[in-house]
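Report on the structure given below.
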Amino acid sequence: MITLKGEHIFLRALEPSDLDFLYNLENDETLWEVSNTTTPYSKYILKQYLENSHRDIYDVKQLRLVICKNDDEAAVGFIDLFEFDPKNKRVGVGIVIFSEKEKRKGHASEALKLTCDYAFKHLNVHQIFAGITTENEGSIKLFEKAGFEKSGIKKDWVFSEGKYKSEYFYQLIPNSKFQIPNSKSLIPKLKCT
């Protein structure tokens, strides 16, 4: 695994020493909505996951990287590539900055840029996609700033906190001329008599 280094952060592979960090993150119920988690994870299961995290993305179709600060090498979050599809040349991306004090410092923007560059250059994908609930304004701003375009909506897609939430579908396709059609133009005009 090559080291992906930016101006303020770097991305690295998971290490056995990440067990406690991973345990706290995966068992934080406030994050379960974005990770599709429904039950807590034991340290035993997460230790097995870490032991197998070296497996190739072409084999397991996913890759989790740790976001670390350059100055003190502290881990501040994860960025995941998932549903890697080499045939159709696409991959999904998800990101979480765990600590509130590390949010809104540009770590997520830099990690997203490094990961997208990696996916396009080394995995040879044509597009990167993300699903973001319509209420998640921070992630919407992050992905739009990175050049992702909203290409659709999945209505009532996520059931969380006792209600259904819709999810936007975002895509990053380099040199794309993709435009979202005006949804009103797709609905036939009915005459009422």
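The values are calculated or read from the model by the stated rules, or taken from the named source; none is laboratory data. Computed from a prediction, not measured in an experiment: that's the story for all the values here. Positions of Cβ are backbone-derived with ideal geometry, glycine not excepted, and every protein chain shown enters the neighbour counts.
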Q: Please tell me if residue 120 is among the aromatic types (Phe, Trp, Tyr), surrounded by 16 or more Cβ atoms within 10 Å (Cβ to Cβ), free of Cβ contacts under 8 Å to residues at least 60 places away in the same chain and under 21 Å from residue 6 (Cα atoms).
A: yes
Subset of region 73-105, residues out of contact with any strand residue (DSSP E or B) (no Cβ under 6 Å at 6 or more places or on another chain), modelled with pLDDT of 95 or more and either surrounded by 15 or more Cβ atoms within 10 Å (Cβ to Cβ) or not in a strand (DSSP E or B) (or both), comes to 86, 87, 88, 89
Subset of region 123-145, residues surrounded by fewer than 19 Cβ atoms within 10 Å (Cβ to Cβ), at pLDDT 95 or above and part of a loop (DSSP other than H, G, I, E, B), comes to 123, 124, 126, 134
Flagged in region 106-117 as within 21 Å of residue 13 (Cβ to Cβ), of a type in the set (S, T, N, Q) and surrounded by fewer than 22 Cβ atoms within 10 Å (Cβ to Cβ), in numbering order, are none
The condition from (1) modelled with pLDDT of 85 or more; (2) buried (at least 18 other Cβ atoms within 10 Å of the Cβ) that residue 46 misses is numbered (1)
Per the filter on region 148-163, residues at pLDDT 95 or above and of a type outside the set (Asp, Glu) are 148, 150, 151, 152, 153, 154, 155
